[in-house]
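Only one structure is covered here, and it is reproduced in the block below.
The values are calculated or read from the model by the stated rules, or taken from the named source; none is laboratory data. Not measured: the values here are computed from a predicted model. Ideal geometry is used to build each Cβ from the backbone, glycine not excepted, and the neighbour counts take in all protein chains shown.
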Amino acid sequence: MVLIHLHINSPLQPMHRGDVVEDPLLAALSAEIDGVEIVDAGTLSGEDYRLVSCDVVFAVPPIAAYRAGRLLVAECDRIGMTRGSTVTIKGLEPTPVGRMAGVRVRLPDLVDVDGEDERYVYFSAELTRLVTLVGERLGDVGTVWSWRVREDLGSDITVHGRESERIIEALREILGPEPSATNMSFEVFA
């Protein structure tokens, strides 16, 4: 088997990485090539324990390696991967993928963890409400890709879209009236 490494320039929770990246890409590759599997995946945290980026490694039959790489590049663009992401086949030169901007809105005052879900991920009813609100109101500006709550760091919502300025403007409009978003800040990561 040949390894194809996908570096995702987005701070995705592991469960969201599975939902929005691994599952659809594996399905797309498997529809075209027999024997494709994910053999490794992980999420990188920075020194401040905030999520930074993630990676997925696919194993494909040697005869289909470059075809799988081309399919993966096309699918990454189709699903809305952020700029700065790459696909690397057999450890060779990385191919840039992704055309979208990425913005993380930080909500430092939203620290209450209400429990754990069935996947052992912390959740907050207030963060869930805000994620739903943002998802419903962003329209064609962007898409919520991930979110996270931590008592020690506050909460984050990660959005991919065409233009970071429009994403920030929309997030300010949507979250501005919300008391739990009073001290929000923005990080453009792609």
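Worth pointing out:
- For the stretch 85-121, a tally of residues being touching a residue at least 40 places away in the same chain (Cβ under 8 Å) and touching a Phe, Trp or Tyr at 6+ places or on another chain (Cβ under 8 Å) returns 6.
- Some residue of the stretch 113-125 being among the hydroxyl-bearing types (Ser, Thr, Tyr), closer than 29 Å to residue 73 by Cβ and not assigned by TED's automatic domain parsing to the domain that holds residue 15: no
- Residues of the stretch 143-163 satisfying the condition of being within 17 Å of residue 184 (Cβ to Cβ) and of a type in the set (Asp, Glu): 156
- Qualifying residues in the stretch 1-48 (those that are free of Cβ contacts under 8 Å to residues at least 60 places away in the same chain and touching a Pro at 6+ places or on another chain (Cβ under 6 Å)) - the one nearest to residue 93 (Cα to Cα): 43
- Enumeration of residues in the stretch 126-148 that are assigned to a helix (DSSP H, G or I) and under 20 Å from residue 19 (Cβ atoms): 127, 128, 129, 130, 131, 132, 133, 134, 135, 136
- Inclusion of residue 124 among residues that are surrounded by 19 or more Cβ atoms within 10 Å (Cβ to Cβ), free of Cβ contacts under 8 Å to residues at least 40 places away in the same chain and polar (S, T, N, Q) is warranted.
- When each of 151, 165 is tested for being acidic (Asp, Glu), touching a residue at least 24 places away in the same chain (Cβ under 8 Å), over 21 Å from residue 21 (Cα atoms) and outside the structural domain of residue 14 (by TED's automatic domain parsing), the lone residue that passes is 151.
- Pick from the stretch 86-113, criterion farther than 27 Å from residue 169 by Cα and at pLDDT below 90, ranking: surrounded by the most Cβ atoms within 10 Å (Cβ to Cβ): 113
- Selection from the stretch 49-77 of residues that are among the aliphatic types (A, V, I, L, M) and within 19 Å of residue 95 (Cβ to Cβ): 56, 57, 59, 60, 64, 65, 68, 71, 72, 73, 74
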